[in-house]
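Undergrad: Quick one: the structure is below, questions incoming.
The values are calculated or read from the model by the stated rules, or taken from the named source; none is laboratory data. This is a predicted model, so every value here is computed, not measured. Note: ideal-geometry Cβ built from the backbone for every residue, glycine included; neighbour counts use all protein chains shown. Heads up: the accessible areas ignore ligands, DNA and RNA and are worked out on the full protein's heavy atoms, side chains in. Shrake-Rupley method; radii C 1.70, N 1.55, O 1.52, S 1.80 Å.
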Amino acid sequence: AQSVTQLDSQVPVFEEAPVELRCNYSSSVSVYLFWYVQYPNQGLQLLLKYLSGSTLVKGINGFEAEFNKSQTSFHLRKPSVHISDTAEYFCAVKKAAGNKLTFGGGTRVLVKP
Amino acid sequence: GAGVSQSPSNKVTEKGKDVELRCDPISGHTALYWYRQSLGQGLEFLIYFQGNSAPDKSGLPSDRFSAERTGGSVSTLTIQRTQQEDSAVYLCASSSGTGETQYFGPGTRLLVL
């Protein structure tokens, strides 16, 4: 079975500063990797995904993530955050041949002015 | 186009009552998923439907939980004899036949008193 660990439960950051959200996974088989964002009282919105190919993946809203197979990591970054980036972020994995997503515990980002 | 919709958005019920939660997937999506988001357990997979195949029920926490998908479209998640620990946000997602990206609805927030 696969598992996902998001190392930080909360990340406070000042507006226009960079942010990195850490995600590590474990799996014995090939996986696809995802980052979702959840704004208050809303569902999950896909930020970006890694299926194969280039290990640097660019997503919406200026976010990017890098897949590191040797470190089994998929950290999310944004060079300059906005107040509107305040939300909870979830890393998820899915077996390449599977269907269900396995989620990390989430990282709550609070952007301060 | 229209995204995944769920109803009701909020549901308050008394312990012991049955509840039904509805999900309308994106038109043309053949795969449908239910997840539960709770404070104690995070985001958990519940059940998966793909076309006319038998559903993957491996995530259902007890036999009080059941789901069906009629006509390959709308799905209903039923919880019988609700317990306080069933209080959570129930999220529905759908994906195309390739099954790589799951698109989530806004969720149903269930509170069992």
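Undergrad: If you take every DSSP beta bridge fully contained in chain A, what fraction is antiparallel? Give it as a percent rounded to 5. Each step should come with its number before you reach the end.
TA: Values: 35 of 40 bridges.
Once the DSSP bridges in chain A are tallied, antiparallel ones form about 90 percent.
Undergrad: I've got another one for you. Taking 7 Å along the Cα-to-C-beta vector as the label spot, tell me the A:THR5-B:LYS17 distance in nanometres, rounded to one decimal.
TA: That separation, rounded to one decimal, is 4.3 nm.
Undergrad: On average, how many beta carbons from a partner chain sit within 10 Å of the beta carbon of a residue in A:96-106? Could you put the intermediate results ahead of the total?
TA: On the way: counts 1, 1, 3, 10, 12, 7, 3, 6, 2, 3, 3.
Taking all residues of A:96-106 together, the mean is 5.
Undergrad: Please grab the % of Cα pairs in the range B:4-113 that end up more than 19 Å from each other. Intermediate values should be presented prior to the final figure.
TA: Working: 2288 of 5995 pairs.
In whole percent, the long-distance tail amounts to 38.
Undergrad: Okay, moving on. Order B:ASP24, A:ASP85, B:ASP63, B:ASP18 by their accessible area, 1.4 angstrom probe, all chains in place, largest first. Present the calculation step by step, with values, prior to reporting the outcome.
TA: Numbers: B:ASP24 45, A:ASP85 5, B:ASP63 130, B:ASP18 95 Å².
From most exposed to least exposed: B:ASP63, B:ASP18, B:ASP24, A:ASP85.
Undergrad: Scan the range B:1-69 for trypsin sites (Lys or Arg not before Pro) in coil per DSSP, keeping those whose Cβ has at most 15 other Cβ atoms within 10 Å, and list them by number.
TA: Values: sites: B:LYS11, B:LYS15, B:LYS17, B:ARG22, B:ARG36, B:LYS57, B:ARG64, B:ARG69; in loops: B:LYS15, B:LYS17, B:LYS57, B:ARG64.
Filter output for the range B:1-69: B:LYS15, B:LYS17, B:LYS57, B:ARG64.
Undergrad: Over the heavy atoms of A:THR72, what accessible area does a 1.4 Å probe trace out, to the nearest 10 Å²?
TA: Counting only protein heavy atoms, the figure is 50 Å².
Undergrad: Using DSSP to define loop residues, name the GluC sites (Glu not before Pro) in the range A:1-56 whose beta-carbon has at most 14 other beta-carbon atoms within 10 Å. Provide the component values of the computation, followed by the final result.
TA: Details: sites: A:GLU15, A:GLU16, A:GLU20; in loops: A:GLU15, A:GLU16.
Taking the range A:1-56 and a limit of 14 other Cβ atoms within 10 Å, the loop GluC sites (Glu not before Pro) found are A:GLU15, A:GLU16.
Undergrad: Hey, another quick one. Return a single number: how many Lys pairs in chain A, at a sequence separation of 8 or more or on separate chains, have alpha-carbon atoms below 18 angstrom apart.
TA: Value for chain A: 11.
Undergrad: Need the C-alpha centroid separation for the range B:48-113 versus the range A:1-65, integer Å.
TA: 24 Å
Undergrad: In peptide B:39-45, what is the residue-averaged number of other protein chain Cβ atoms found within 10 Å of each Cβ? Please list the in-between numbers first.
TA: On the way: counts 0, 0, 1, 7, 12, 3, 5.
The shielding value for this peptide is 4.
Undergrad: Once you sort the root eigenvalues of the Cα gyration tensor of chain A as a ≥ b ≥ c, which label holds: rounded (a/c under 1.5), prolate (a/b larger than b/c) or oblate (the other case)? Walk me through the intermediate numbers first.
TA: On the way: a/c = 1.93, a/b = 1.66, b/c = 1.16.
Prolate shape, in that a/c is at least 1.5 and a/b is the bigger ratio.
Undergrad: If you count, for each residue, the other Cβ atoms within 10 Å and average over each peptide, how do A:57-66, A:1-10 line up from highest to lowest? Display every interim value, and only then the final one.
TA: Details: A:57-66: 16.5, A:1-10: 14.2.
The most tightly packed comes first, giving A:57-66, A:1-10.
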